[in-house]
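The values are calculated or read from the model by the stated rules, or taken from the named source; none is laboratory data. Because the structure is predicted, anything quoted here is derived from the model rather than measured. All Cβ positions, glycine included, derive from the backbone under ideal geometry; neighbour counts span all protein chains shown. Surface areas here come from the heavy atoms of the whole protein model, side chains and all, with no ligands, DNA or RNA. Shrake-Rupley method; radii C 1.70, N 1.55, O 1.52, S 1.80 Å.
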Amino acid sequence: MTQLLFSHEFEDRSTEGMLSIDTDATSSAKIRMTIDTEAGFWMSANREGWLHLARVAAELGLGKYDEGYHFHKDENFTWSTGSPEFTFERNDAL
């Protein structure tokens with residue numbers, strides 16, 4: 001079995017209400033989110049997309065964000081300009 005290591009070092013900007021990285025998917029990071037009544041919620045990504053999501057998740061999990069901190073993305077994990085829209089929220093009450 002091969003052991004792999006994921007590491008993401010970042011400047012904690014949570015007190016400013018920001019992540020240290022741009023949350024939009026980059027040109028090489030492809031992410032697609034869909035919801036349909038038959039299949040439910042699907043999130044698909046290429047290798048770079050999954051690593052981008054991991055960095056975003058690491059910052060949300062490790063940062064000192066205020067309860068309810070959130071941001072919105074469209075189905076391609078870029079800045080949302082309307083519907084459909086996906087909300088990503090830090091909610092420690094769950």
| task | With the condition kept exactly as written, say whether any residue in the range 7-16 is assigned to a loop (DSSP other than H, G, I, E, B), loosely packed, with under 14 Cβ neighbours inside 10 Å and aromatic (F, W, Y). | result | yes
| Residue tally, condition open to solvent by 60 Å² or more (accessible area, probe 1.4 Å) and modelled with pLDDT under 90, over the range 19-53 | 6
| query | Which of the residues spanning the range 75-88 are open to solvent by 100 Å² or more (accessible area, probe 1.4 Å) and farther than 18 Å from T26 by Cα? | reply | S83
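On the basis of being under 24 Å from P84 (Cβ atoms) and at pLDDT below 95, does T15 make the cut?
On the way: under 24 Å from P84 (Cβ atoms): no; at pLDDT below 95: yes.
No, not satisfied.
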| query | In the range 22-79, which strands (runs of 3 or more DSSP E) lie fully inside it and hold 3 or more residues that are within 27 Å of L5 (Cβ to Cβ) and without any contact (Cβ under 8 Å) to a residue 40 or more places away in the chain? | reply | 40-45
